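What follows is a set of notes on a single structure, which appears directly below.
The values are calculated or read from the model by the stated rules, or taken from the named source; none is laboratory data. From a predicted model like this one, the values you see are computed outputs, not experimental measurements. For neighbour counting, all protein chains shown are included, and Cβ atoms are generated from backbone atoms with ideal geometry for every residue, glycine included.
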Amino acid sequence: MGVEEIVLLNAEDQAVGTAPKAASHHRETPYHLAFSCYVVDTRGRVLITQRALGKRTFPGVWTGSCCGHPAPGEGLRDAVLRRLRDELGMPDTALAEASLTCVLPRFHYRAVAEDGTVEHERCPVVRAVVPAGSPVLPNPEEVEQAEWWTWEQCLALTGRPDSSPWYRLQLAELAPLGAPREWPDAGTAPLPPALAW
């Protein structure tokens, strides 16, 4: 497998180049393209994960289902499905039934970890609805734990110091939209110019 690259952005969210992911996350991380995904089952439960303790950035924090970086030229939908497969071990049978919706296409944030590492991302948020009972086999290099939570438990996580900063910021925008199955489709038109659906 080659070196994973991220898409660098300017202030207008236009692609201005690429860079190796691993070498790009530091105290002066450049603004770049990413995404977050919340996996919701048909009973309304949300898959919440704890980042692996060995992760270089924000190890051990609790957050949404998965996140990642679209590869250069990769669409958002394909990037989400790739990470659901690689990070959470979701089988193709479950992914074939998944319904993907862009719920926060304009989301972006900047956060600083305890060690000074910066995340600075344009990070559209996608909801993936999967059948209840869909199998999950997390990659231990990415995920320490993965649990199906009620929406009330998800809301309570925002008050805990071990939740990720992007999770807290995203929930501040998602909570007013109602329960996860009720989140409206915000469409793909507001996605950044650098990212196709």
task: Mind listing whichever residues of the range 140-180 are charged (D, E, K, R), surrounded by 13 or more Cβ atoms within 10 Å (Cβ to Cβ) and farther than 25 Å from GLU97 by Cβ?
output: GLU144, ARG168, GLU173
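One line per residue, one yes/no per condition, for (1) part of a strand (DSSP E or B); (2) acidic (Asp, Glu); (3) crowded, with 16+ Cβ neighbours inside 10 Å; (4) in contact with a helix residue (DSSP H, G or I) (Cβ under 6 Å, 6 or more places away or on another chain):
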{"residue": "CYS102", "(1), (2), (3), (4)": "yes, no, yes, no"}
{"residue": "ARG106", "(1), (2), (3), (4)": "no, no, no, no"}
{"residue": "ASP115", "(1), (2), (3), (4)": "no, yes, no, no"}
{"residue": "PRO138", "(1), (2), (3), (4)": "no, no, yes, no"}
query: Taking into account only those residues within the range 82-96 that are closer than 15 Å to PRO131 by Cα and part of a helix (DSSP H, G or I), which is modelled with the highest pLDDT?
result: LEU84
query: For the range 10-51, which residues satisfy the criterion of being of a type in the set (A, V, I, L, M), crowded, with 18+ Cβ neighbours inside 10 Å and part of a loop (DSSP other than H, G, I, E, B)?
result: ALA34
